[in-house]
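Below is one structure, written out as structure tokens; comments come after it.
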Amino acid sequence: MVNERNKFPNPEEPFMPPMKKRRGTKKLVAEGMRPCIWPIASPMIAQDATACNPTTRSLRPLRRQIRVPGHEIPFPVSNTPKSCKMEQRSDWEVFKEHRRLRARAKPGYISQKTSADSKKIWNNWSQEEKDEAVQRLRDAAEAGIDLKDVPTDAEAEDEIDDEEESDDAGAADLEYLPDAADEEAGDDYEVSSDGGDIAMGGPRKDMFRAYDDPEGKMRGERQVARKKYGQGKAPVHGDVEWAYQKHLGSGGNGSAHLWVRVDEEDIIQDRIAVKDCWTDGPFHWGSIKFWDGDPRNMAPEDRLPVEVKAMLACQDKPGSHRIAGIRDRSVDFDRMAYRIIMPFYARGDFITIIDKADDNYHVPEPFIWCAFEALTDACLVMERASTRKADQAPDGWKEIVHRDIKPDNVFLSARNPRSFPSYPQPVLADFGGCIMTSKDDIFNPTAYADSTGTAGYFAPEQHAYEDKTTYEAVFIARQQSWTNIYQIGRVIMSLMNAPAPETLSEAEIKKGAVQEYLSTDPDYDDPDGWKDHEWFKPETQGRYSKELQNLAKSCVRYKPDERITALKLKGKILRRTGGVRGGKGKDFAKGLRSEKVKKGGEGDLRGWRRKDKYAVGLVRPEK
């Protein structure tokens, strides 16, 4: 019986039985079939014993499949041995494989997008167009030409258009050029004396305007180029030489790399994380939100991007160990970019912790209380420059609103023997989207409600809304400390709701669907709907204490002035985790604020214990 899910788009393609019920090796041999092991591919492909060709065993199959006697196995066209003729492949398979091979040779290749585009083109073509295109590919393969070297129909048309450009067309333009005598006389063709265009390098054929890429096709190429720049540009820090080690990660406008300092015996003496940051162009670079203060009234040597200024402002403050440090920085005004040199955090981030959760293991509640306290301390430093209750914010202090607090922006630092000694200490990082504001900031909220951040972690006031009657802009509230509190609550909920469903595809995971699932957004246009919103999965509600759940929910109320304040939140966490003198209240941290847990015991945290290959004192690993 034919399984509908295994039908090919073309009826000429071979029948593929479902993969859920695999037959054992013994049964395959009994039916005149024997398994072949494919070194590159993980799934086993069954092949007829009489038709098994050892020359094809190094090929990677297009998909998992079991050969059914009487049906041929489609091989990748570009690697198909001569014994496997093109006639054995359907027109659709030939066309799709050709498109895949051409796309793989270009930067930013995404297999799912290429396959979808190919199917869309194929379905829009007439049968005559399909026959003509496939016949061209079959003829090329018959002539011994690799399919990846055969241009697509669109590329072939471009080549024909270029060839049809005659010399006469270029010659016709010559009549508009000045005579030699006119040039010598300088009539209307004076060269600019300042040579400004030449000094900047002049226009080149390989240059393009930023607006020439409306669909973002060059985004992948841009990230690759910026990654290479970071690898080749050694940091200038401490009057010592730094050796490149590895790429740490890339974001929308940044790329981070690990650099080490070694001695004559290649022993690591120091290590740093170098983050290269780019802007979205002149509009972003010249924005008043991008700089600390008014960039029009500041000398270039004093101008600092807000990200740099915010990190520097938090240094050497009570509780500053809760925020990622900054060792050095530099600004490149010509390239509209800047560089930040930071400590290297080798233990990963909260995503590392979330990834270890499964049906049999969940993030222990004592660690979630530890994370709650650490992020609250970071919020206090950003709000008032201290975690101490008695301290007041210094004169002129600007409140820092992070705007992108999420699991992968919380790093794991070394353990603190005086506070939750069993766990790595969470550290808040990546201030690339932050703002520095005050009570008399005229740009808050109008200029800051630009939806900067990550889906699943937006506070309602981070968006601008529109009145349904007047169509005028509507703002919920200013962005300030309560915005940080909201995002902290969402991060805690993500730890509690882990793991994410296994049904998510790899593409969805890369787009952040894991975080969106762990921290689902209610309808921002319906404040009343927030009251009944289910913040936790059913199994989560029975796994963690009501006190932890209620405290997290007090952070994410729709109206900012109804959310718990950072100072009050810190006090409640201390009273519920044995952090108050006299032992007031129940200890939901189970004594782990001061005691250590045995590895594998109750409260043990998985995922953060890893060998630090780049620790100071070790031999530098190979790149």
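The values are calculated or read from the model by the stated rules, or taken from the named source; none is laboratory data. Predicted model only: the values in this text are computed from it and were never measured. Here the Cβ is made from the backbone with ideal geometry for all residues, glycine too, and neighbour counts use every protein chain on show.
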*Which numbered condition Glu466 fails, given (1) of a type in the set (D, E, K, R); (2) free of Cβ contacts under 8 Å to residues at least 12 places away in the same chain; (3) surrounded by 13 or more Cβ atoms within 10 Å (Cβ to Cβ)*: (3)
_So if I check each of Gly601, Gly583, Gly529, Gly607, which one is farther than 30 Å from Pro417 by Cβ and modelled with pLDDT under 90?_
Gly529
*Does Ile435 fit the bill of being more than 30 Å from Gly591 (Cβ to Cβ), among the β-branched types (Val, Ile, Thr) and under 22 Å from the mean Cα position of the chain (by Cα)?*
yes
_Complete set of residues in region 471-485 that are surrounded by fewer than 22 Cβ atoms within 10 Å (Cβ to Cβ), of a type outside the set (Gly, Ala, Ser) and within 10 Å of Pro445 (Cβ to Cβ)_ = Phe475, Ile476, Arg478
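Looking at Ile573, is it over 25 Å from Gly348 (Cα atoms) and either β-branched (Val, Ile, Thr) or at pLDDT below 90 (or both)? Quick ask: steps written out before the conclusion?
Values: over 25 Å from Gly348 (Cα atoms): no; either β-branched (Val, Ile, Thr) or at pLDDT below 90 (or both): yes.
Answer is no for this residue.
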*Could you tell me which of the residues Ala337, Ala378, Ala429 is within 30 Å of Ser287 (Cα to Cα), assigned by TED's automatic domain parsing to the domain that holds Trp291 and under 28 Å from the mean Cα position of the chain (by Cα)?*
Ala337
*Residue check: is Val224 β-branched (Val, Ile, Thr), part of a loop (DSSP other than H, G, I, E, B) and either without any contact (Cβ under 8 Å) to a residue 60 or more places away in the chain or out of contact with any strand residue (DSSP E or B) (no Cβ under 6 Å at 6 or more places or on another chain) (or both)?*
no
*Is it the case that region 256-278 has a residue that's without any contact (Cβ under 8 Å) to a residue 24 or more places away in the chain and touching an Asp or Glu at 6+ places or on another chain (Cβ under 9 Å)?*
yes
*Quick one: Gly600 ticks every box in (1) exposed (fewer than 15 other Cβ atoms within 10 Å of the Cβ); (2) more than 30 Å from Glu265 (Cβ to Cβ); (3) in contact (Cβ under 8 Å) with a residue 24 or more places away in the chain bar one, so which box is it?*
(3)
*asked:* For region 346-382, which positions are surrounded by fewer than 20 Cβ atoms within 10 Å (Cβ to Cβ) and hydroxyl-bearing (Ser, Thr, Tyr)?
replied: Thr352, Tyr361
*Go through the residues of region 486-506 one by one and say whether even a single one is surrounded by fewer than 16 Cβ atoms within 10 Å (Cβ to Cβ), of a type in the set (Ser, Thr, Tyr), under 27 Å from the mean Cα position of the chain (by Cα) and more than 18 Å from Glu307 (Cβ to Cβ).*
yes
*Go through region 337-374 and count every residue that is at pLDDT 90 or above and either within 16 Å of Gly579 (Cα to Cα) or among the acidic types (Asp, Glu) (or both).*
11
